[in-house]
Amino acid sequence: MANLITGLDIAESVAKLVPVFGDVLEGVCGILRKTVQAAENARSARSECQALTEHTASITLAIFNEIGPASTLRGADFSRICDLRETIKIVDSRVQSLSKLGRLRYLVSRGRITAEVMELRSRVDNARIAFNIRSDISTMRLLTDLKMMQTRLMKSVDDIHEGQKTTHHMLRTILVEVRGRRTGDAYIEEAD
């Protein structure tokens, strides 16, 4: 679960850099972080909560990795991301309620809980299929890919920042030149 938290932290920092849909992606990471915490603190349905949460977070990280830091996502991507967010909200709600379930209630409802978890896993798998993501990607590979993406994005942001500094410096130089010419013109007019 620690790897998932690390992956979510990286994905959230990457999402902040996505200009248009970053807030949606960042929101998904926040919901998943809350879900992971609930799964870790579950009393009686811990194994089901953790399995569902790990599956959901892994698929979501794979989707984020596939989307990448595209500056503009297509409308279909946005729609699928919103669908994924709604699925994750449902998973979160169910994990939250399962994590608070008492031992006796868990034993009585175990069959129903297992069926619900399977249905939610299927919904998450549908999101994976909608984004055409392979299912055999390991969490460690995802973390490595996300860290590389984060590094590239941070370098791009630094490059943009440096470009802005250079542009600012050039504009300032031009402004000083223009002011100097105006002052020189005014001096010539006075001399005539």
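The values are calculated or read from the model by the stated rules, or taken from the named source; none is laboratory data. Only a predicted model underlies this, so the values are computations on that prediction, with no experimental measurement involved. Methodologically, a virtual Cβ is constructed for each residue, glycine included, from the backbone with ideal geometry; neighbour enumeration extends over all protein chains shown.
Here are the numbers for the structure shown:
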| read-out | value |
| --- | --- |
| Residue tally, condition in a helix (DSSP H, G or I) and surrounded by fewer than 23 Cβ atoms within 10 Å (Cβ to Cβ), over region 37-49 | 5 |
| Lone qualifier among Met149, Met170 - being farther than 24 Å from Gly27 by Cβ, modelled with pLDDT under 80 and of a type in the set (A, V, I, L, M, F, W, C) | Met170 |
| Every pair of residues 6+ apart whose Cβ atoms lie under 9 Å, when the first sits in region 110-132 and is farther than 17 Å from Cys82 by Cα while the second is part of a helix (DSSP H, G or I) and among the polar types (S, T, N, Q) | Arg121/Thr56 |
